[in-house]
Amino acid sequence: MQLILEQMPVVINALNIGFIQTLKLFFVTLIGAFPLGLIIAFGSMSRFRPLSGFTRLVVWVVRGTPLMIQLLIIYYFPGLVLDNPIWGGGETGRFLAASTAFIINYACYFSEIYRGGIQGVPIGQEEAGLVLGMTKSQIFFRIKLLQMIKRIVPPMSNEIITLVKDTALARIIALQEVIFAGQSFLKGSHGISGAIWPLFFTAFYYLIFNGLLTLLLGWLEKKLDYFR
Amino acid sequence: MPILEVENLSKTFGRTSVLKKINLSLEQGQALSIIGSSGSGKTTLLRCLNFLETPDAGIIRVNGETLFDAADPATQWESSIRKKRLHFGLVFQSFNLFPQYTALENVMLAKKLLAAERPDFKAKKKEILAEIEAQAADLLTQMGLSNRMTNYPHQLSGGQCQRVAIARALALHPDILCFDEPTSALDPELTGEVLRVIRELADKNTTMIIVTHEMAFARDVADHVIFMDEGMIVEQGRPLEVFENPKEERTRQFLSRFKQG
């Protein structure tokens, strides 16, 4: 116990730095996957068969294979197979590769949630808008969008909380996120070696961040409770 | 000149022929009731008039202007359909109010969006919006909802919702207001308040088409009644003639079921 207290300041400092990388990956994924997911959703609902067919195929592949494999393929495939290491070797390259994999993966999950949200808005809402002389885009933005958001907040919350924990998978391509930082004290880092507790301790970072997110998303759900 | 003329309007869904050469005309200020059993094509007829369905054949004219001619593709351009819809208003069986807006906002929304297209909107924004709000408040007051304007649809009863929906349709001053079974989704004790409002509109000579299963109401409120069966107009005429002295056997059968019930 004494020893842990001594190691604490150094470890916390290293974990904080790792967790910043975790947060960066988390937010970049959300910022990329929110709009991309919507585009994929519209693609999969398209009446143009080749487009909807292709989109659904992509979604099937991405959702049907492990994110960890996707990370490895996206990171190593260009360099090792195509002889064109687009990502470079450094932390920046690893971050770009990880972001790409996460954005594509999460956009596919989000697209299904969006699709459910869009299709869940009764057809009568669109018809009422049409009869009142509204344009398709007015109907989408003024009528359907908020009803859709209300519908997707609960399933989206689930995905977002899963994403926080999924960022740990980026460890597989040696992205220096919080798990990587915690694990480094096993082999030896900052003059500490053979310590397993920092790795275990990373769990608190996820737990506390997810606690905050749960509060935020719960607040949003409440905010949208004013209509039904 | 009739305000509405429909000629040989036909519509099929797949192999089912839902409307077969419908012909009708309606004079300004008249109320037309359409009766008939479920599946007779009444609702499809209203949906065709409101451009929610595209007829396969036939012509729709309002005030002598051809809004739709199945033989003339130029009358079917998407861009012009939006404006043509404004000749008609439609009150749905299931209200279809916008849940995220208050009663007042529901009535104002479409008018506000249309006003934003006016060239003088930017210069006179405040006055225009104030005018729209005053008009919407006035309509809701006419509907007996002056104390419900800031309520959301889920806070209103079905009858109140339907009255908001009627105000919403009236706000755009349609030439012809269509009602698609406006009381069918309501509890029996709530139908009265909606029928009363429609009756008041009829008394003010609002041009209306009312699809309904309320036979007594159809007879009282309408200037003209149409009985439809299997996509055709079987019989039409003044309410007294159709209800008291139906000429067709099918009309008699249909009405007798209501008299017994």
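Derivation of every value follows stated rules applied to the coordinates shown; laboratory data play no part. Since the structure is predicted, the reported quantities are computational estimates derived from the model, not experimental observations. Glycine also receives a Cβ, built like all others from the backbone with ideal geometry; neighbour counts cover every protein chain displayed.
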By the Cα gyration tensor axes a ≥ b ≥ c (a/c under 1.5 gives rounded; else a/b larger than b/c gives prolate, otherwise oblate), the shape of the protein assembly as shown is prolate
State whether chain B is rounded, prolate or oblate according to the following rule on the C-alpha gyration tensor (a ≥ b ≥ c being the square roots of its eigenvalues): a/c under 1.5 gives rounded; otherwise a/b larger than b/c gives prolate, and the remaining case gives oblate.
-> oblate
Inter-chain shielding metric for B:152-159, i.e. average beta-carbon neighbours from other chains within 10 angstrom, reads 1
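Tally Lys and Arg at +1 and Asp and Glu at -1 over the other residues with C-beta under 12 Å from the C-beta of B:A130: what net charge comes out?
Working: positive: B:K112, B:K124, B:K125, B:K126; negative: B:E127, B:E131, B:E133.
Around B:A130, the surrounding residues sum to +1.
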Which of the lysines could a cross-linker bridge to B:K11, judged by Cα under 17 Å and excluding same-chain residues fewer than eight apart?
-> B:K20, B:K21, B:K42
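Quick one: divide the alpha-carbon radius of gyration of segment A:2-226 by 2.2 N^0.38 Å and tell me what you get.
Values: Rg = 21.3 Å, N = 225, 2.2 N^0.38 = 17.2 Å.
Dividing the Cα radius of gyration by 2.2 N^0.38 Å gives 1.24.
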Fewest first, what order do A:L130, B:L140 take by the number of other Cβ atoms within 10 Å?
-> A:L130, B:L140
Using Cα atoms only, what is the angle between the long axis of helix B:188-203 and the major principal axis of chain B, expressed in degrees (0 to 90) to the nearest 10?
-> 80 degrees
Length-normalised contact order for segment A:2-226 - Cα pairs under 8 Å, 6+ apart - percent | 27 percent
Return the loop-located trypsin sites (Lys or Arg not before Pro) in segment B:157-261 (DSSP other than H, G, I, E, B) with at most 10 other Cβ atoms within 10 Å of their own Cβ; answer none if there are none.
-> B:K204
Considering only A:G188, A:G124, A:G18, give the residue with the highest GNM mean-square fluctuation for chain A, with springs between Cα atoms whenever their separation is below 10 Å.
-> A:G124
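Within segment A:1-95, list the trypsin sites (Lys or Arg not before Pro) lying in a DSSP loop whose Cβ has at most 13 other Cβ atoms in a 10 Å radius. Walk me through the intermediate numbers first.
Values: sites: A:K24, A:R47, A:R56, A:R63, A:R94; in loops: A:R47.
In loop regions of segment A:1-95 (DSSP not H, G, I, E or B), the sparsely surrounded trypsin sites (Lys or Arg not before Pro) are A:R47.
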10 Å Cβ neighbours from other chains, averaged over peptide B:80-89 = 2
Restricting to lysines and to Cα separations under 21 Å from A:K136, and discarding same-chain partners fewer than 8 apart, the set is A:K144, A:K150, B:K83, B:K84, B:K111, B:K112
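At a 10 Å Cβ-Cβ cut-off, how would you order B:Y152, A:Y109, fewest neighbours first?
B:Y152, A:Y109
Below 8 Å between Cα atoms, with a sequence gap of 6+, how large is the relative contact order for chain B in percent? Before the final figure, lay out each step's value.
Values: 477 pairs, mean separation 68.5, N = 261.
Computed value for chain B: 26 percent relative contact order.
Using a/c under 1.5 as the rounded threshold, could you call segment B:50-115 rounded, prolate or oblate? The axes a ≥ b ≥ c are square roots of the C-alpha gyration tensor eigenvalues, and prolate needs a/b larger than b/c, oblate otherwise. Don't skip to the answer; put the middle values down first.
Details: a/c = 2.75, a/b = 2.09, b/c = 1.32.
Prolate is the answer for segment B:50-115, as a/c is 1.5 or above and a/b outweighs b/c.
Ignoring everything except DSSP H segments at least 4 long, calculate the 222 nm mean residue ellipticity for chain B; use -39,500 (n - 2.57) per segment, divide by total residues, nearest 500.
Details: 9 runs with 101 residues, N = 261.
For chain B, the value works out to -12000 deg cm²/dmol.
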Summarise the partner chain shielding of A:129-142 as one whole number: the mean count of Cβ atoms from other chains within 10 Å of each residue's Cβ.
-> 6
Output for segment A:15-102: chymotrypsin sites (Phe, Trp or Tyr not before Pro) sitting in coil per DSSP, at most 16 other Cβ within 10 Å, listed by number, reads A:F48
When the helix-only estimate is applied to chain A (DSSP H runs of n ≥ 4, each -39,500 (n - 2.57), divided by the residue count), what is the mean residue ellipticity at 222 nm, nearest 500 deg cm²/dmol?
-> -25500 deg cm²/dmol
